[in-house]
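Undergrad: Here it is, the structure, as C-alpha cells.
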Amino acid sequence: MAQTTVVHLLRHGEVHNPGGVLYGRLPGYHLSDAGRRMAEMVAAAVADRDVSLLVSSPMERAQETAAPLSEKLGVPIGTDERLIEAVNVFQGVPIRPGEGVFRNPRHYRHFWNPFRPSWGERYVDVLARMRAVIDDARRDARGHEAVLVSHQLPIWIIRLAAEGRRLWHDPRRRQCGLASLTSFTFEGDRLASVGYSEPAGSLAREASDPQRAQPGRPDPGWPDPGLTGPR
C-alpha cells in the first residue's frame, strides 16, 4: 500500500507595509502584529499533525511565519530559495487604489503580455521551481507531512497547474489568503487531492492585503494559450 504524504504550502502572514508598496523581494519587510498572531494561530492548528519537515522562503516575512511552527513542532526551519516570491518589475511601487502602477503611463510598456507575464518572472518558471521543491519535500517527508512557507503567487501557480487550469489568471480571484494552507496529498508519488484552509482566517479577513492588487488582469474572453511556448 502506498504511503500517504502531505505537503502544505503556507502563505506568510500580514506584513507591516505602511507605504502600501508591492514589496516583492525587497528586504526589510517584516510581519505586522496581526501577522505574528496569524503565524501563532497556524502553529496551533498544525501542532498535533505529523510534520517532519519545515522549509521557508528566505524572505523575512516567511521566516517569521515559520518561527512559531518550528517552536510548536520541534522541527528546525530549512531555507530554500525556490520558495521565494516571484520577480516583479513593480516591486517598491505603491499599489494602493488610485495610485502607482496603473496611473503611471511609463508602466504601460510592461503590460504587453499578461500570459507570460511581461512584468515579471514567467509563470512557467515559477511553476518549475515550485514543482521541484514540492517533489523534494514529498521525498524527504515521505509517509509524514511537510510545511513549506512561501508567497501568494508561487502557491497559486502550482495549485493552478495541479488542478489542470491555465496559469494566467485574474490576481483578484486567487484563493490564497494570508496565512492560508494549500495542501497537496500524495499517495506514493501520485497527487491524490488538493485542499485549502485558513487557520487564521478570522484575522486575515480583517487585514489589508495590498499584495492582491498586482498588475495584469486578463480579459476573460481571451483565448487560453495553454502551458506551452515562450511566456
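Undergrad: In the range 4-210, what percentage of the DSSP-assigned beta bridges are antiparallel, given to the nearest 5?
TA: Taking every DSSP beta bridge with both residues in the range 4-210, the antiparallel ones total about 55 percent.
Undergrad: Here's another thing I want to ask about it. When all protein chains stay in place, what accessible area (Å², nearest 10, 1.4 Å probe) is found for residue 25?
TA: 80 Å²
Undergrad: Put +1 on the Cβ of each Lys and Arg and -1 on the Cβ of each Asp and Glu in the range 4-210; which of 133, 176, 74 then has its Cα farthest toward the positive end of the dipole?
TA: Toward the positive end, the furthest listed residue is 176.
Undergrad: Shape verdict for the range 4-210, please, from the Cα gyration tensor: rounded (a/c under 1.5), prolate (a/b greater than b/c) or oblate.
TA: oblate
Undergrad: On to the next question. Using only C-alpha positions, report the orientation-averaged shadow area of the convex hull of the range 22-76, nm², one decimal.
TA: That works out to 3.9 nm².
Undergrad: While we're on this one: Going highest first, how would you order 55-66, 157-168 by mean Cβ packing within 10 Å?
TA: Packing order, densest peptide first, comes out as 55-66, 157-168.
Undergrad: Continuing with the same structure: In debye, nearest 20: dipole of the range 4-210 around its Cα centre with unit charges on the Cβ of K, R (+) and D, E (-)?
TA: So the magnitude is around 900 debye.
Undergrad: Applying a 10 Å radius around every beta-carbon, put 142-155, 122-135 in order of their mean neighbour count, most first.
TA: 142-155, 122-135
Undergrad: Rounded, prolate or oblate: pick one for the range 1-99, where a ≥ b ≥ c are the square roots of the eigenvalues of its C-alpha gyration tensor, a/c under 1.5 means rounded, and failing that, prolate if a/b is larger than b/c, else oblate.
TA: prolate
Undergrad: Return one whole number: the accessible area per residue of the range 4-210 in Å², for a 1.4 Å probe.
TA: 43 Å²
The values are calculated or read from the model by the stated rules, or taken from the named source; none is laboratory data. Here the structure is a predicted model, which is why all the values come from computation and not from measurement. A quick note on method: Cβ atoms are made from the backbone with ideal geometry, for glycine too, and the neighbour counts reach across all protein chains shown. Quick note on the areas: whole protein, heavy atoms, side chains included, nothing else; ligands and nucleic acids left out. Shrake-Rupley method; radii C 1.70, N 1.55, O 1.52, S 1.80 Å.
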